[in-house]
Amino acid sequence: MSRPAVLVARAVFPETVARLREHFDVEDNPGDIIFTKPQLIERLHGKAGAFTTGSERIDAQVLDANPQLRVVANMAVGYNNFDVEACTARGVLATNTPDVLTETTADFGFALMMATARRMAESEHFLRRGEWTRWAYDMFTGSDVHGATLGILGMGRIGQAIARRGALGFGMKVIYHNRSRLAAEQEAPLGARYVDKATLLREADHLVLVLPYSASSHHAIGAAELAQMKPTATLTNVARGGIVDDAALAVALRERRIAAAGLDVFEGEPQVHPDLLTLPNVVLTPHIASATVATRRAMAELAADNLIAALSGGKPPAPINPQVLPLRPA
Ligand code: 8YV
């Protein structure tokens, strides 16, 4: 019997590709070309599986043009690049990479929040420009992180890991809003208080967004929400572009309706709203919250584990739509 063929849609660790080659006929993408939709459709021809990242949109059109496709394995915990309903309707298994990036992403979210509150990027640029000539009592005064109120929108695994850092490491008061309330035994060690969204916006000194992107979270933070925040508050987004209305945020930052923002994700990235680029009170990073060597390796390995298990009739560790299992025969 011939081996299944898979597409590795973006450049990834050579070790991961080599491991996949032990199981499959692999077409990889060492040049790291970002495929257009027609290119992706064409590359997927004849493939039983795809190793994808957030840059490949797997929707009904791609699936219908490739009825032989049975597994799409995302190297990401977020999977808004997948139309999961379309996958499920066609019996295509979708998988992701939860857990392995939780702590690393929480480290980064916390660091970005701190950099934002303490004006690290802005002051570094000032120093590099050679403008640091003397000390001044009010030079780059920011707002405290320790003891402040940490607001978390989206209290999943990463949200809880950020809350833990704030509560246990920095003595922060934690408030959160989520689709569902945590169990009392999860809230208690963090002293976390479940509040409605309006209270979260009103009370947070530092608001961190960690919710998944979907039609219902699109522009969850827009002009109306920003207007409810404290003028001294910071906003940090390590979730997905599109959760924040970036144009409205740029206006709020320019008019100092909130103090500052830290953004790792953007609407339409890698494009960044031009107004954000001109503002001093925003820390901008290129979607790197999960980017440590160890975590990216773990993500790649888990995506490969998913693909290998699913296409060999096993139980993939992180299925998104397990109801399609067992996989339809090739
Ligand atoms: C990925 C992420 O780097 O896991 C996620 O959801 O946003 C990042 O960790 C990115 O999505 C590439 O696939």
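Here are a few things to note about the model shown:
- Here the relative contact order of region 102-284, from alpha carbon pairs under 8 Å that lie six or more residues apart, stands at 22 percent.
- Ranked from largest, the principal axis spans of the Cα set of region 95-195 equal 53, 33, 21 Å.
- Span per principal axis, largest first, for the Cα atoms of region 102-284 (Å): 52, 34, 29
- Ordered by 1.4 Å accessible area with all protein chains kept, Glu85, Glu15, Glu269 run largest first as Glu85, Glu15, Glu269.
- Loop-located trypsin sites (Lys or Arg not before Pro) in region 81-159 (DSSP state other than H, G, I, E, B) with a sparse environment of at most 11 neighbouring Cβ atoms within 10 Å: Arg129, Arg134.
- Summed over the residues of the chain and divided among them, the accessible surface reaches 46 Å² per residue at a probe radius of 1.4 Å.
- For region 1-17, the residues whose amide N sits under 17 Å from a probe point set 7 Å from the Cα of Glu42 along the beta carbon direction are 7-10.
- Classified by the C-alpha gyration tensor, region 204-318 has a prolate form. Its axis ratio a/c, with a ≥ b ≥ c, is 1.5 or above, and a/b is larger than b/c.
- Taking θ as phi - 60° and the Karplus parameters 6.51, -1.76 and 1.60, the scalar couplings of region 7-15 work out to 9, 9, 6, 10, 5, 8, 3, x, 5 Hz in sequence order, x denoting glycine and proline.
- The accessible area of His146, taken with all protein chains in place and a 1.4 Å probe, comes to roughly 110 Å².
- What the phi angles of region 257-273 give under the Karplus curve with 6.51, -1.76 and 1.60, with θ = phi - 60°, is a coupling list of 6, 10, 6, 6, 9, x, 10, 9, 9, 9, 5, x, 4, x, 6, 10, 3 Hz, glycine and proline written as x.
- Sparsely packed loop sites in region 161-210 (the chymotrypsin sites (Phe, Trp or Tyr not before Pro) outside DSSP H, G, I, E and B with at most 11 other Cβ atoms within 10 Å) do not occur.
- In region 90-162, GluC sites (Glu not before Pro) in a DSSP loop with at most 15 other beta-carbon atoms within 10 Å: Glu131
- Folded to 0 to 90 degrees: helix 102-117 orientation relative to the chain principal axis, Cα: 30
- Overall, the accessible surface of the chain at a probe of 1.4 angstrom is composed of carbon and sulfur to the extent of 56 percent.
- Restricting the calculation to alpha carbons of the chain gives Rg and Dmax of 21.6, 75 angstrom.
The values are calculated or read from the model by the stated rules, or taken from the named source; none is laboratory data. Computed from a predicted model, the values in this text were never measured in an experiment. Glycine gets a Cβ as well: all are built from the backbone with ideal geometry, and neighbour counts include every protein chain shown. Heads up: the accessible areas ignore ligands, DNA and RNA and are worked out on the full protein's heavy atoms, side chains in. Shrake-Rupley method; radii C 1.70, N 1.55, O 1.52, S 1.80 Å.
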